[in-house]
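Read-outs throughout are calculated quantities, based only on the coordinates presented, and are distinct from any laboratory measurement. Source: prediction; values computed, not measured. Here the Cβ is made from the backbone with ideal geometry for all residues, glycine too, and neighbour counts use every protein chain on show.
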Amino acid sequence: MSTFHEKVVYQIYPKSFKDSNGDGIGDLKGIIEKIPYLASLGVDMLWINPFFSSPQKDNGYDISNYTEIDPLFGTMEDFEVLVKEAKTNQMEIMLDMVLNHTSIDHEWFQKALTGDKKFQDYYILREPKSDGSHPTNWASKFGGPAWEPFGDTAKEYLHLYDVSQADLNWRNPEVRKEAYKVVNYWLNKGVTGFRFDVINVIGKDAVLSDAIDGVGKSLYTDRPIAHEYIHELNKETFGRKEAIMTVGEMSSTTIENGAAYSNPENEELSMLFSFHHLKVDYLDSEKWSLMPFDFMELKQLLNDWQTGMTEKNGWNALFWNNHDQPRAISRFGDPEHHFYASATLQAQTIHLLRGTPYIYQGEEIGMTNPGFSELADYVDIETHNAYTELIEKGLSSNEAMAIIKEKSRDNSRTPMQWSNELNAGFTTGQPWLKVAENYPQINVEEEQATGKILSYYKKLIQLRKEMKVISEGNYRGILLEHPSVYAYVREFDGTQLLVLNHFYGESVSLEIPEEFSNQQSRYLIGNGEKRELTPTFVLEPYETVAFYFNAENNG
Ligand code: GLC
Ligand code: CA
């Protein structure tokens, strides 16, 4: 059995993957239909975003029942078939556990509202300050204050996300027990992977205080107690079984903490998602702004995390895309002029790094941002809140829309483009979110018939399984000062891999360090012309290439 170092995960956003019954919403049966496609990619695990009962205020991240399937997506029987069919095709299932908060429609919250003390202690309730202001000055990550009046009591409840998502009180052992029950329930259904939503913010202090910055992130992120809770979660649930793969979504974390969460000695999680490398196009750290990405910062962040996690024996989840991010090809690539090259450059850059790669649906065929220009075309709650705030700040509606168009989470949530048929073959009905207009050109059928991106992904997935230098090798960054190339070396047991990734649209000439240009090497994989490594090496626009060195072949 392979370890998670050799695995590749494919992320499915169920709402937008495949609709089986024409209601315009993707569902579990739709995923089952596409299992042969997924198996043909060679991926090992399918991470499926939440499909549990939910009022869908935040597309399923507002859960009202953790062990029920929302009828929108199908039935428990469908889920069981999915697990079985995936297994028959050598794929495992990873579920999304949203244990930091529940929907306010959850029975616990509702009981708390009616005055039930036991359930009131499931949430984080505080009295307003004596001047009537909120218990703390923290901001919600989705805009506005992080506190909301709790029914007609004099208290307020904490919501780090939307008002409909109330933070759970992890200090209460009953709450932790409930959380472990949920995880064990799904383990018993044959689930072998878990993605833990915003898990590094579960540990709040007993006494909450005002933040100097008026936002509060540092007061609830990566608290030492979060490590304790995650360790306990491990011991009480997935840690009791063999070979369960876990990944924590770690908002605003540090390398220190990231390594601690994922160092096997600590018995917390297998790996983590960190997000610093996806903020390199934020002007002054502000997401809702426009700025060309800062390549040097991107490279430095990737390099620092790779180096730090290698040294501290942590493990990264490697990714460019997910359901919360605009499409990387539109952000850091050039789909218009260098479609194939920029898509494969991005793929190779992370697939050959140290960590476990994640592919987000559609990435493997080069899906782009849809470029919707009407606010009404967007569904996401965060997007609508941001629009209101931008207008309040004084931006014109055109200015606000220009930002939304680049930054909205709906950029990645548009329906999967399967074919050039109606609605890209996603649904026969009215899709819940518009399909991107480029689907007649960019779709799975077209890609399978004439494209080269999909087959490139398959090769990368295969290589990770075949070559220890990819799955187990150490990492070392080189040519760190180069303004347009991210170059690194992987090393394992006398073998080396040199990976050169060029992030811009002109050709560039590189001086290859002697330690490599002196040795014999083999062209392993690249998106350009196959050729030998020369002391001066020219990379074409968005070219990526990897050379393999085996000390035994070098006298
Ligand atoms: C995570 C999810 C995101 C969700 C948020 C609140 O960041 O990925 O989609 O809105 O948590 O649950
Ligand atoms: Ca459906």
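Model label points for Leu422 and Arg171, set 7 angstrom from Cα along the Cα-to-Cβ axis, are 5.7 nm apart. Give the distance, in whole Å, between the Cα centre of segment 119-158 and the Cα centre of segment 434-453. Spelled out, the Cα-based centre of one part sits 47 Å from the other. Which pairs, out of Lys57/Lys118; Lys117/Lys141; Lys111/Lys241; Lys7/Lys181; Lys204/Lys241; Lys155/Lys189, put more than 31 Å between their alpha-carbon atoms? Distance filter (> 31 Å) returns Lys111/Lys241; Lys155/Lys189.
Using only the Cα atoms of segment 304-457, build the gyration tensor, take square roots of its eigenvalues as a ≥ b ≥ c, and label the shape rounded, prolate or oblate: rounded if a/c is under 1.5, else prolate if a/b is larger than b/c, else oblate. Before the final figure, lay out each step's value.
Working: a/c = 2.10, a/b = 1.17, b/c = 1.79.
Because a/c hits 1.5 or more and a/b fails to exceed b/c, segment 304-457 counts as oblate.
First check a/c for segment 195-281, with a ≥ b ≥ c the square roots of the eigenvalues of its C-alpha gyration tensor; if it is under 1.5, answer rounded, and if not, answer prolate when a/b is larger than b/c or oblate otherwise. The shape class here is oblate.
Extension gain for Lys458-Lys279 works out to 61.6 nm (0.36 nm per residue, less the C-alpha to C-alpha distance).
Farthest towards the positive end of the charge dipole of the chain, among the residues His276, Asn137, Thr534, is the Cα of Thr534, using unit charges on the Cβ of Lys, Arg, Asp and Glu.
Calculate for the chain the 222 nm mean residue ellipticity that helices alone would give, adding -39,500 (n - 2.57) per DSSP H run of length 4 or more and normalising by residue count, nearest 500 deg cm²/dmol. Write out the running numbers ahead of the final one.
Details: 18 runs with 165 residues, N = 555.
Result for the chain: -8500 deg cm²/dmol, rounded to the nearest 500.
Starting from the Cα gyration tensor of segment 107-167, take the square roots of the eigenvalues, sort them a ≥ b ≥ c, and report rounded, prolate or oblate (rounded when a/c is under 1.5, otherwise prolate if a/b is larger than b/c, else oblate).
Working: a/c = 2.37, a/b = 1.31, b/c = 1.80.
Cα axes put segment 107-167 in the oblate bin.
Normalised by the number of residues in the chain, the mean separation of alpha-carbon contacts (under 8 Å, six or more apart) gives a relative contact order of 13 percent. Annotation: extensible slack from Lys129 through Ile212 equals 28.2 nm (criterion: 0.36 nm per residue apart, minus Cα-Cα distance). Does anything in segment 296-325 have its amide N under 14 Å from the 7 Å Cα→Cβ label point of Leu480, and if so which residues? Within reach of a label on Leu480: 296-311.
Only loop residues by DSSP count here, and only those with at most 13 other Cβ atoms within 10 Å; note down the GluC sites (Glu not before Pro) in segment 290-341 that meet that.
Sparse-neighbourhood loop GluC sites (Glu not before Pro): Glu336.
Output the relative contact order of segment 107-167, whole-number percent, from Cα pairs under 8 angstrom with separation of 6+ residues. Relative contact order, segment 107-167: 27 percent.
Scalar couplings 3J(HN,Hα) for segment 141-154, obtained by applying the Karplus form with A = 6.51, B = -1.76, C = 1.60 to θ = phi - 60°, are 5, 9, x, x, x, 8, 10, 9, x, 9, x, 9, 6, 7 Hz; x denotes Gly and Pro. Stretching the chain fully between Ala39 and Leu375 yields a gain of 117.3 nm (0.36 nm per residue, less the alpha carbon separation). Highest mean first, the peptides 351-364, 129-142 sorted by other C-beta atoms within 10 Å per residue fall in the order 351-364, 129-142. For segment 24-61, applying the loop criterion from DSSP together with a ceiling of 11 other beta carbons within 10 Å to the trypsin sites (Lys or Arg not before Pro) yields no site. Round to a whole angstrom and tell me the spacing of the C-alpha centers of segment 350-380 and segment 1-26. Using only Cα atoms to place each centre, the spacing works out to 13 Å. Taking amide H as placed 1.01 Å from N in the peptide plane, Tyr360 has its amide H under 5 Å from the amide H of Gln11, Asn321, each at least 5 places away in sequence or on another chain.
Using R0 = 22 Å, the C-beta based FRET efficiency linking Ser507 and Asp294 works out to 0.50.
Taking only C-alpha pairs under 8 Å that are 6+ residues apart, what is the relative contact order of segment 373-413 in percent?
Numbers: 24 pairs, mean separation 21.1, N = 41.
Here the relative contact order equals 52 percent.
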